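The values are calculated or read from the model by the stated rules, or taken from the named source; none is laboratory data. Remember, predicted model here, so these are calculated numbers, not experimental data. We place every Cβ from the backbone using ideal geometry, glycine too, and count neighbours over all the protein chains shown.
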Amino acid sequence: MSLALLSPLIVLTAATCIVLLERRFPYSPGQMFFRAGFWNDLILYSIVQSYLLGVAINYLIVWMDSSTGLSRFHLISDWPLWTQVLFFVVTHDLYIYWFHRLQHRSLRLWRLHEAHHSTTDVDWLSGSRSHALEILINQTVEFAPIVLLGAAPEVALLKGMISAVWGMWIHSNIDVHSGVLQYVINGPEMHRWHHSDVVADGSNNFATKFALWDWLFDTAHLPVGKKPTGYGIREIDFPTNYIRQHLFAFRPLMPDEYQPNP
Ligand SMILES: [Zn+2]
Ligand SMILES: [Zn+2]
């Protein structure tokens, strides 16, 4: 079976396993499967937005390549496939750590990120809720180097698949304790704290795939024996409609406006 068919199957299988584990070992018992915003996040963010942005980002990268001609140098084409995948997973994750941290400190960048924090139930689907402009920036940075450095065609598919599964995993409502692994690999144990509605708790744990960055750069937050009491943004009445959620990012800046981490 080709990787183009296999990768969505792997993502769907992972989603099913995560949903079953959420039912069996819930981190926050009582969270509903069909929670507020479920259909919005599934249909509009996960399917429609992902597809349309995928097409747009592809055009953008093809344009970048035809303007620079960089991919013809095949700078990393002779690396083994697994090395290429590992290289892009690690470097993009380090970029995401710092960009994400900046989004929590810059009011204008926070505007593009608050949609992601607006969900009041955190589960396997919550990670998909991100402003289209935020995704446009992050996925262009994710996939442009893969093409421009002349990586193998499978790398983009594998990287996309890994990101999709890992995104579901870190947001999942699964009560997992990964012990020493949590110093390296990120999971719900730390990322759910990042979605806490208490600003002091949420202004930590910026890592996506590797919790290592948080431990290394002193932003790790993992209180022993405690759990967040709520999720979302208390200070803002965030719209529930997809279009309004997007337009909300462009409302006028107010002098006394809420900032996640001033
Ligand atoms: Zn955040
Ligand atoms: Zn998140």
- [ ] Quick one: in segment 197-215, of everything that is small (Gly, Ala, Ser) and modelled with pLDDT under 95, which residue is surrounded by the fewest Cβ atoms within 10 Å (Cβ to Cβ)?
- [x] 200
Task: Entirely in segment 45-142, the helices (runs of 4 or more DSSP H) that have 3 or more residues that are buried (at least 19 other Cβ atoms within 10 Å of the Cβ) and among the hydrophobic types (A, V, I, L, M, F, W, C) - done: 81-103, 107-117
- [ ] Confirm whether residue 218 is among the acidic types (Asp, Glu), part of a loop (DSSP other than H, G, I, E, B) and at pLDDT 95 or above.
- [x] yes
Open item on the list: Condition first: within 16 Å of ligand 1 (Cβ to nearest atom), closer than 30 Å to residue 2 by Cβ and touching a residue at least 60 places away in the same chain (Cβ under 8 Å). Can you find one or more residues in segment 149-161 that meet it?
Closed with: no
- [ ] Would you mention how many residues in segment 35-75 are within 19 Å of the chain's Cα centre (by Cα) and at positive phi?
- [x] 1
Open item on the list: Contact list please: Cβ distance under 6 Å, first residue in segment 231-255 and in contact (Cβ under 8 Å) with a residue 60 or more places away in the chain, second residue aliphatic (A, V, I, L, M), pairs at least six apart or on different chains.
Closed with: 231/122; 242/44; 245/115; 249/112
Task: Among residues of segment 27-44, those that are assigned to a helix (DSSP H, G or I) and either among the aromatic types (Phe, Trp, Tyr) or touching a residue at least 40 places away in the same chain (Cβ under 8 Å) (or both), counted - done: 6
